[in-house]
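The values are calculated or read from the model by the stated rules, or taken from the named source; none is laboratory data. All values derive from a computational prediction rather than experimental measurement. Neighbour counts are summed over all protein chains in view; Cβ atoms, including those assigned to glycine, are modelled from backbone coordinates with ideal geometry.
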Amino acid sequence: MMLLMNGLQFKDYERFQFFFIGEGSCADGLAQCYTTGKPALAIPCMGERAFGSVSDDEMVMALPPGMIAKAIAGLQALKARGIGYPIFYLGPLCDPSPVLMQIYPEWWNRR
C-alpha cells in the first residue's frame with residue numbers, strides 16, 4: 001500500500017489526509033473517496049475483522065477510478081529507479097550506497 005501511495009505522489013506531490021472513525025471504516029473510506037475524489041485509507045473496523053477475515057496488519061484503501069492510471073505510471077517510474085517489492089532493509093550498520101546508486105543515479109554520478 002505504501003508503494004501505491006508513493007506512486008500516486010510521484011509526479012504531482014500532494015499531501016493526503018486520512019481520518020479514523022473507529023467503526024464502519026469500509027463504508028467511511030468508500031464514501032470519503034467518492035465525495036472528495038481523493039484516495040481514502042482506513043484502519044479496518046471490528047466488523048471487518050470479525051466477519052471479513054481482515055487481519056491486524058491490513059488496511060482498507062479506496063482509490064478513485066480516475067487515479068488508477070496515475071498510480072500505475074508512478075509505480076512504473078519508481079520501479080525504473082529501483083524502488084519496488086521487496087523493499088530492502090538496510091539496517092543502521094549497512095552501507096546504503098548500492099541502493100542509493102539505483103534510486104538516485106543522477107545525484108550519485110555528480111558526487
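Do the conditions hold for Leu78, that is, is it modelled with pLDDT under 90 and not in a loop (DSSP other than H, G, I, E, B)?
Working: modelled with pLDDT under 90: no; not in a loop (DSSP other than H, G, I, E, B): yes.
Criteria not met by Leu78.
Is there a residue being of a type outside the set (Val, Ile, Thr) and touching a strand residue (DSSP E or B) at 6+ places or on another chain (Cβ under 7 Å) anywhere in the stretch 73-84? Show your work before the answer.
First pass over the stretch 73-84, keeping only residues of a type outside the set (Val, Ile, Thr): 73-82, 84.
Checking the rest, the ones that are also touching a strand residue (DSSP E or B) at 6+ places or on another chain (Cβ under 7 Å) come to none.
The answer is no; no qualifying residue exists.
Exactly one of (1) under 24 Å from Ile83 (Cβ atoms); (2) modelled with pLDDT under 90 is unmet by Pro39. Its number?
(2)
Can you tell me which residue in the stretch 42-51 is surrounded by the fewest Cβ atoms within 10 Å (Cβ to Cβ), limited to those that are out of contact with any helix residue (DSSP H, G or I) (no Cβ under 7 Å at 6 or more places or on another chain) and in contact (Cβ under 8 Å) with a residue 12 or more places away in the chain?
If we filter the stretch 42-51 for residues that are out of contact with any helix residue (DSSP H, G or I) (no Cβ under 7 Å at 6 or more places or on another chain), which is where we start, we get 46-47, 49-51.
Still in the running and in contact (Cβ under 8 Å) with a residue 12 or more places away in the chain: 46-47.
On the way: Met46: 12, Gly47: 14.
Residue satisfying both the conditions and the ranking: Met46.
Within the stretch 1-39, can you find the residues that are of a type in the set (Gly, Ala, Ser) and either surrounded by 16 or more Cβ atoms within 10 Å (Cβ to Cβ) or outside any loop (DSSP other than H, G, I, E, B) (or both)? Break it down stepwise before answering.
Looking only at the stretch 1-39, we keep the residues that are of a type in the set (Gly, Ala, Ser), and these are 7, 22, 24-25, 27, 29, 31, 37.
Listed by number, the residues that qualify are Gly7, Ser25, Ala27, Gly29, Ala31.
Check off (1) touching a Leu at 6+ places or on another chain (Cβ under 7 Å); (2) under 30 Å from Tyr34 (Cα atoms); (3) surrounded by 14 or more Cβ atoms within 10 Å (Cβ to Cβ) for Leu63 and give me the number that stays unchecked.
(1)
Can you go through Leu75, Leu90, Leu100 and tell me which one is within 14 Å of the chain's Cα centre (by Cα) and of a type in the set (A, V, I, L, M, F, W, C)? Show your work before the answer.
On the way: Leu90 fails: within 14 Å of the chain's Cα centre (by Cα); Leu100 fails: within 14 Å of the chain's Cα centre (by Cα).
Criteria check complete, one pass: Leu75.
Take the residues of the stretch 52-66 that are touching a residue at least 12 places away in the same chain (Cβ under 8 Å), not in a helix (DSSP H, G or I) and not aliphatic (A, V, I, L, M): which is nearest to Gln9 (Cα to Cα)?
Among those that are touching a residue at least 12 places away in the same chain (Cβ under 8 Å), not in a helix (DSSP H, G or I) and not aliphatic (A, V, I, L, M), it is Pro64.
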